[in-house]
Every structure is written in structure tokens, then in C-alpha cells.
Amino acid sequence: MKTNTSANAVRCAGVQKHFGEGDARIHVLRGVDFEAKQGELTFLVGPSGCGKTTLISVITGLLDSTGGSVELFGANTRQLPPEEQIRFRRRNLGFVFQQYNLLPALTAAENAAVPLLAAGMKRREAVERAKALLVKLGLENRMDTLPSKLSGGQQQRVAMARALVHEPRLIVCDEPTAALDHATGESVMELLADSAVHPERAVIVVTHDNRVFHFADAVAHMDDGRITHSEQRN
Ligand SMILES: Nc1ncnc2c1ncn2[C@@H]1O[C@H](COP(=O)(O)OP(=O)(O)OP(=O)(O)O)[C@@H](O)[C@H]1O
Ligand SMILES: [Mg+2]
């Protein structure tokens, strides 16, 4: 049984992000307060353009905020020197982007192995581990295929394997089931939910897919650059 007192994996307070300057300035995040707890699968939902991808980009350090604070596992990682920030991200974070961003010259298994290779693991072992995960994701017949020869849903699952393969503490997925049929979407969410069961890990999923809402431990609703309300599901 999970409790509401578990520690935060992510804590955002008053996060602001604008793009552009002067008359062209667009305020995309307008003071976001958001938490994702360790041991939980947190959904981030809201209409197109409300700022979900921007928020998770700020949380994961791909974008700098223009105000407010972001803590990951109790630490403000932006206070670390830049190379430490990179190391922290590489070790502790796994992402699935809305655009899958697979490397076109690498096979499915090699793409999924990238985080392990970046951490210095031997190639053969890294690829074996990636393959074991691809089997769980139903891609046993696509291991040696290049991304250009994979369907959208298959590319999405390779991106998912790449996000999970190094067992990061925080997994962030942008619309991970959008391109999947119901059964495949369920199995992808089961894998994510299993990853979140670990007491020191957390998973954040951005989704419009109401077919998978029953997996959520917590749901944060976003609109027009703010979290409007949050609900705990258990
Ligand atoms: N680099 C950028 N420069 C200018 N505006 C941007 C930039 N990135 C995002 N925006 C704007 O910020 C707003 C929020 O975009 P974001 O991608 O975060 O929305 P979203 O909630 O993820 O939408 P969707 O559900 O369609 O993926 C949009 O109006 C978008 O046009
Ligand atoms: Mg988005």
C-alpha cells in the first residue's frame, strides 16, 4: 500500500518559462506547482498547447526555466556544475520524447542500448540487456531493424526500452501510448507501472489516452501554463 507521505521525486514550485522577448514573448509556464512522488506513476494531463512538454523538458533539464525552482530527489540539480548535471541526468533519468528521436544509423537493439553504452558498459552486454527488454515489449522480431523500417508504434517501444534500460530513478514519457493499439498500450503501461513500484523511483507520463488512466497513482491536471488541480488515486 502506497502512502501520501512518500518522498518527492520531483518538486516544482512557481516554475515559469517564456519564449522570445518583448512583444514576441510567450509565457508558456505561468507558475507551475507540481509534485511527483517516489514509488508512484503520475499522469500529467491537459489540452494541447497547455505546456505539458515544456514542463517535462524543464523538469528533465532539457530546457532552462525562467523562474521558480525544480528539485529532483530533494536536490536542486541546477546548482551543480554543468558536467555534474549531465552525469546526474544520464544516470538518473530516462525519457521517451513525443518525437521518438531514435538514431537512424543504429538498429533497434543498439538504439535501446545507448544509455548503457554511454555509461561505459561493454557493447555486447549492453545490447543483450537491451534485447531482453525489447522482448518484453514484443519486438523480438525487430531487434536488428533500423528505425526507418519500423512502424510508429514499434519506434515508440524502442524509445521506451531506451528510457528503461539503465533502470533510471525518474522515467518521463510524453504520450507513450498514442501510437499503440489498446493491447500494446496496456503492456507498455504495465511495464511503466512496474518500474514505478520501486520505492525510490518515479514515473511521469504525459497522456491524452483515457484508455490507460486506470494505471495512474496520481493525476495532475494542467491548463494554460499552470497545474489547476491534482488528484491522488490510491
Ligand atoms: N521553442 C518554442 N518557442 C516558442 N513557443 C514555444 C516553443 N515551444 C513551445 N512553444 C509554445 O508553448 C506552448 C506549449 O507547448 P507544449 O509543447 O509544451 O504543449 P503541450 O501541452 O505539450 O501540447 P501537446 O499536447 O499538443 O503536445 C504552445 O503554444 C507552443 O506553441
Ligand atoms: Mg506535448
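What number of residues within the stretch 49-63 satisfy the criterion of being open to solvent by 20 Å² or more (accessible area, probe 1.4 Å) and in contact (Cβ under 8 Å) with a residue 40 or more places away in the chain?
Residues in the stretch 49-63 being open to solvent by 20 Å² or more (accessible area, probe 1.4 Å) and in contact (Cβ under 8 Å) with a residue 40 or more places away in the chain: 2 in total.
Here is a check on your reading of the model: is A159 buried (at least 21 other Cβ atoms within 10 Å of the Cβ) and small (G, A, S)? I'd like the intermediate steps shown before the answer.
Values: buried (at least 21 other Cβ atoms within 10 Å of the Cβ): yes; small (G, A, S): yes.
Answer is yes for this residue.
Is there a residue in the stretch 2-13 that is at pLDDT below 95, hydroxyl-bearing (S, T, Y), in contact with a Gly (Cβ under 7 Å, 6 or more places away or on another chain) and open to solvent by 20 Å² or more (accessible area, probe 1.4 Å)?
Scanning the stretch 2-13 turns up at least one residue that is at pLDDT below 95, hydroxyl-bearing (S, T, Y), in contact with a Gly (Cβ under 7 Å, 6 or more places away or on another chain) and open to solvent by 20 Å² or more (accessible area, probe 1.4 Å).
Within the stretch 168-183, track down each residue that is open to solvent by 10 Å² or more (accessible area, probe 1.4 Å), in contact (Cβ under 8 Å) with a residue 24 or more places away in the chain and either within 21 Å of Q38 (Cα to Cα) or assigned to a helix (DSSP H, G or I) (or both).
First pass over the stretch 168-183, keeping only residues open to solvent by 10 Å² or more (accessible area, probe 1.4 Å): 169, 175, 178-183.
Then keep just the ones that are in contact (Cβ under 8 Å) with a residue 24 or more places away in the chain; that gives 169, 175, 178-182.
Hits for the stretch 168-183 are R169, E175, H182.
Anything in the stretch 141-167 that is in contact with a helix residue (DSSP H, G or I) (Cβ under 7 Å, 6 or more places away or on another chain) and either within 16 Å of ligand 1 (Cβ to nearest atom) or not in a helix (DSSP H, G or I) (or both)? List them, or say none. Let's see the steps before the verdict.
To start, the set of residues in the stretch 141-167 that are in contact with a helix residue (DSSP H, G or I) (Cβ under 7 Å, 6 or more places away or on another chain) comprises 142-145, 147, 150, 153, 155, 157-158, 160-162, 164-166.
Scanning the stretch 141-167 gives R142, M143, D144, T145, L150, V165, H166.
Return the residue satisfying two criteria in turn: it lies in the stretch 98-113 and is crowded, with 18+ Cβ neighbours inside 10 Å and either within 19 Å of the chain's Cα centre (by Cα) or within 26 Å of T53 (Cβ to Cβ) (or both), and of such residues it is farthest from ligand 1 (Cβ to nearest atom). Please lay out each step first, then the result.
Applying the first criterion (crowded, with 18+ Cβ neighbours inside 10 Å) to the stretch 98-113 yields 100, 102, 107-113.
From the residues that got through so far, the ones that are either within 19 Å of the chain's Cα centre (by Cα) or within 26 Å of T53 (Cβ to Cβ) (or both) too are 100, 102, 108, 111-113.
Working: Y100: 14, L102: 19, A108: 25, N111: 23, A112: 24, A113: 28 Å.
Ranking the candidates gives A113 first.
Testing G22 on (1) small (G, A, S); (2) modelled with pLDDT under 95; (3) closer than 29 Å to H214 by Cα, one condition comes back false. Which one is that?
So the condition that G22 fails would be (3).
Which residues, taken from the stretch 65-88, are polar (S, T, N, Q) and modelled with pLDDT of 90 or more? First the steps, then the outcome.
Restricting attention to the stretch 65-88, the residues satisfying the condition of being polar (S, T, N, Q) are 65-66, 69, 76-77, 79, 85.
Result: S65, T66, S69.
Quick one: how many residues across the stretch 203-217 are in contact with a strand residue (DSSP E or B) (Cβ under 8 Å, 6 or more places away or on another chain) and either open to solvent by 30 Å² or more (accessible area, probe 1.4 Å) or aromatic (F, W, Y) (or both)?
Here the count works out to 3.
Please determine whether any residue of the stretch 80-95 is free of Cβ contacts under 8 Å to residues at least 40 places away in the same chain, acidic (D, E), more than 16 Å from ligand 1 (Cβ to nearest atom) and under 24 Å from E167 (Cβ atoms).
yes
Which ones in the stretch 23-44 are in contact with a His (Cβ under 6 Å, 6 or more places away or on another chain) and either in contact (Cβ under 8 Å) with a residue 60 or more places away in the chain or within 14 Å of ligand 2 (Cβ to nearest atom) (or both)?
H27
Given the residues L133, L192, L164, L116, which is the only one that is closer than 20 Å to V45 by Cβ and open to solvent by less than 60 Å² (accessible area, probe 1.4 Å)? Steps first, please.
On the way: L133 fails: closer than 20 Å to V45 by Cβ; L164 fails: closer than 20 Å to V45 by Cβ; L116 fails: closer than 20 Å to V45 by Cβ.
Of L133, L192, L164, L116, the one residue that is closer than 20 Å to V45 by Cβ and open to solvent by less than 60 Å² (accessible area, probe 1.4 Å) is L192.
Condition first: aliphatic (A, V, I, L, M), assigned to a loop (DSSP other than H, G, I, E, B) and at pLDDT 90 or above. Now tell me which residues in the stretch 184-234 satisfy that.
The initial filter retains those residues of the stretch 184-234 that are aliphatic (A, V, I, L, M), namely 188-189, 191-193, 196-197, 202-206, 212, 216, 218-220, 222, 227.
From what is left, the residues that are assigned to a loop (DSSP other than H, G, I, E, B) are 197, 216.
Result: A216, single match.
Can you tell which of V45, V10, V15 is more than 14 Å from ligand 1 (Cβ to nearest atom) and β-branched (V, I, T)? Even if it seems obvious, please write down each step before you answer.
Details: V45 fails: more than 14 Å from ligand 1 (Cβ to nearest atom); V15 fails: more than 14 Å from ligand 1 (Cβ to nearest atom).
On inspection, the qualifying residue turns out to be V10.
The values are calculated or read from the model by the stated rules, or taken from the named source; none is laboratory data. Keep in mind the model is a prediction, meaning the values are calculated, not measured. Quick reminder, even Gly has a Cβ in these numbers, built from the backbone with ideal geometry, and neighbours come from all protein chains shown. The area values use the complete protein model at the heavy-atom level, side chains included, leaving out ligands, DNA and RNA. Shrake-Rupley method; radii C 1.70, N 1.55, O 1.52, S 1.80 Å.
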